[in-house]
There are 2 protein chains.
Amino acid sequence: MTENSNSKFAILGMLGIRPMSGYEIKKSIERSIGFFWSESFGQIYPVLKQLVAEGLANAQNGDESRDSRRKVYEISTQGEKALREWLAFSARTNLIRSEALLKIFFGGQADPETTRKHIERELTECRRKLVAVNKVEQALAQRSAGRQTENDFHHGLTVAYGKKMLIALIDWCETSLRLCSWREAVGASKEELL
Amino acid sequence: MTENSNSKFAILGMLGIRPMSGYEIKKSIERSIGFFWSESFGQIYPVLKQLVAEGLANAQNGDESRDSRRKVYEISTQGEKALREWLAFSARTNLIRSEALLKIFFGGQADPETTRKHIERELTECRRKLVAVNKVEQALAQRSAGRQTENDFHHGLTVAYGKKMLIALIDWCETSLRLCSWREAVGASKEELL
DNA sequence: AGCACCATGTAAGTGGTTACATGATTCC
DNA sequence: GGAATCATGTAACCACTTACATGGTGCT
């Protein structure tokens with residue numbers, strides 16, 4: 001842990017939207033920012049404890065009529081300040097590591113079908129995700145019809161981001177598959193000529 | 001270490017392109033797949049040792065006329081087989097975590113300038129990267145003029161991917177900045193009306 | 001009664017970076 | 001002779017995931 005700024009502020013940021021339990025934080029992250037962020041329970045619960053210890057959040061535990069173990073965490077004034085400071089700080093350029101792209105890059109060292117399969121899998125995945133993002137987009141539009149909150153506006157920006165990336169990715173997959181086919185056809189005819 | 005499949009095969013894949021030293025692997029990764037992959041020396045050297053121990057690569061050390069410590073590693077027949085097997089295996093959907101997007105998502109909890117700054121920084125970064133990708137694209141086109149190797153073809157696919165993503169990202173940044181401006185203008189006029 | 005989901009937490013392991021230590025070679 | 005780059009390696013640390021343990025609550 002020590003100075004695990006990312007998870008810490010991701011969780012604090014979620015509490016900034018509304019008070020939540022650890023379990024809710026997980027679900028909420030999955031639904032809203034799952035496209036580019038994730039947190040595991042193994043991270044969430046210790047961080048929540050840490051946030052309380054640092055005075056950045058308060059725990060209100062023991063809501064009757066529900067599971068008595070359930071604890072709802074709320075961001076504190078200090079927490080809001082800490083979050084704002086972190087938000088103002090320039091984001092580190094994060095190291096993305098795409099296993100799929102790596103396998104496509106090395107595709108020359110496998111048979112041509114391998115690359116094709118990776119791209120097809122990617123394409124299927126993207127189309128599935130696009131459907132999900134469209135649903136989120138619709139839900140957001142409906143919720144913020146009339147007056148759009150600050151949070152809704154910013155959520156909308158990230159949804160637009162996801163959508164744009166997915167559309168571009170789908171386009172790349174389709175183009176790449178055509179290139180693969182074309183290359184295979186040329187390769188085949190070359191062999192015939194020998 | 002144990003079963004660090006990703007780094008292991010990223011490095012083995014580089015050796016599959018041509019024999020290299022640890023240092024060259026690092027540079028080569030940065031130049032060709034730096035857009036979506038990275039390896040640190042702290043990872044490369046132990047993995048190279050491991051690859052030799054497992055019989056997936058051979059070390060030819062002690063080239064006179066150059067630094068005598070320099071060791072060039074070469075993929076073995078067994079290594080090629082292991083690489084092909086790994087390549088054929090479906091890629092896990094990797095967890096991307098974008099700190100910048102996270103900060104934009106939480107932007108409603110900071111002043112509007114914060115979000116704007118993050119997007120502007122992103123835009124600058126993307127434009128810079130696009131220039132770099134274009135250079136790689138040109139170099140690749142020149143190198144593979146006439147006959148294009150399998151490796152060149154697959155490298156081209158990943159470069160096209162990078163380019164497409166960057167163009168989409170730049171577009172998103174520009175649109176988002178306009179949305180921010182528009183929202184700020186509306187917000188200001190609202191306050192004037194109060 | 002049983003399943004799905006809500007709910008919290010810990011321990012072990014993983015996959016990786018960063019910082020450090022050390023030094024050779026090349027080019028100006 | 002000094003800077004840049006080539007070159008290899010280790011140790012400490014870090015953030016995070018996975019698997020495990022445990023059990024409540026609500027619906028059918």
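For beta carbons closer than 8 Å, sequence separation of 6+ or different chains, a first residue in the stretch A:163-174 that is facing chain B (nearest Cβ under 7 Å) and free of Cβ contacts under 8 Å to residues at least 60 places away in the same chain and a second that is among the β-branched types (Val, Ile, Thr) and buried (at least 21 other Cβ atoms within 10 Å of the Cβ), there are no qualifying pairs. B:Val47: more than 16 Å from DNA strand C (Cβ to nearest atom) and assigned to a helix (DSSP H, G or I), yes or no? So B:Val47 does not fit the description; no. Of all residues in the stretch A:71-86, those that are under 26 Å from the mean Cα position of the chain (by Cα) and either over 14 Å from A:Phe9 (Cα atoms) or touching a residue at least 40 places away in the same chain (Cβ under 8 Å) (or both) total 10. Taken over the stretch A:29-53, the residue count meeting the criterion of being within 14 Å of chain B (Cβ to nearest Cβ), surrounded by fewer than 16 Cβ atoms within 10 Å (Cβ to Cβ) and more than 14 Å from DNA strand D (Cβ to nearest atom) is 1.
Tell me yes or no: at least one residue of the stretch B:154-163 is within 30 Å of A:Arg178 (Cα to Cα), basic (Lys, Arg) and buried (at least 17 other Cβ atoms within 10 Å of the Cβ). Yes, that holds for at least one residue.
Restricting the stretch B:135-151 to residues that are surrounded by 15 or more Cβ atoms within 10 Å (Cβ to Cβ) and facing chain A (nearest Cβ under 9 Å), which is farthest from the chain's Cα centre (by Cα)?
This residue is B:Gln148.
In the stretch B:118-133, the residues that are at negative phi form Cβ pairs under 8 Å with partners that are basic (Lys, Arg), at six or more places apart or across chains, as follows: B:His118/B:Lys103; B:Leu130/B:Lys163; B:Val133/B:Lys163. When the stretch B:86-134 is filtered for residues that are within 19 Å of A:Lys163 (Cβ to Cβ) and either away from chain A (no Cβ under 11 Å) or hydrophobic (A, V, I, L, M, F, W, C) (or both), the ones remaining, listed by number, are B:Ile96, B:Ala100, B:Leu101, B:Leu102, B:Ile104, B:Phe105, B:Ile119, B:Leu123, B:Cys126.
Considering every residue within the stretch B:24-42, establish whether at least one is within 8 Å of DNA strand C (Cβ to nearest atom), acidic (Asp, Glu) and either within 14 Å of A:Phe105 (Cβ to Cβ) or not in a strand (DSSP E or B) (or both). Taking every residue of the stretch B:24-42 in turn, at least one turns out to be within 8 Å of DNA strand C (Cβ to nearest atom), acidic (Asp, Glu) and either within 14 Å of A:Phe105 (Cβ to Cβ) or not in a strand (DSSP E or B) (or both). Scanning the stretch A:2-58 for residues that are more than 16 Å from B:Ser98 (Cβ to Cβ), among the small types (Gly, Ala, Ser) and touching a Leu at 6+ places or on another chain (Cβ under 8 Å) yields A:Gly16, A:Gly22, A:Ala57.
One residue alone among A:Ala91, A:Ala100, A:Ala132 is surrounded by 14 or more Cβ atoms within 10 Å (Cβ to Cβ), within 15 Å of DNA strand D (Cβ to nearest atom) and of a type in the set (Gly, Ala, Ser), and that residue is A:Ala91.
No value in this document is a laboratory result; all are computed from the given coordinates. What you see is a predicted model; the values in this text were computed from it and never measured. All Cβ positions, glycine included, derive from the backbone under ideal geometry; neighbour counts span all protein chains shown.
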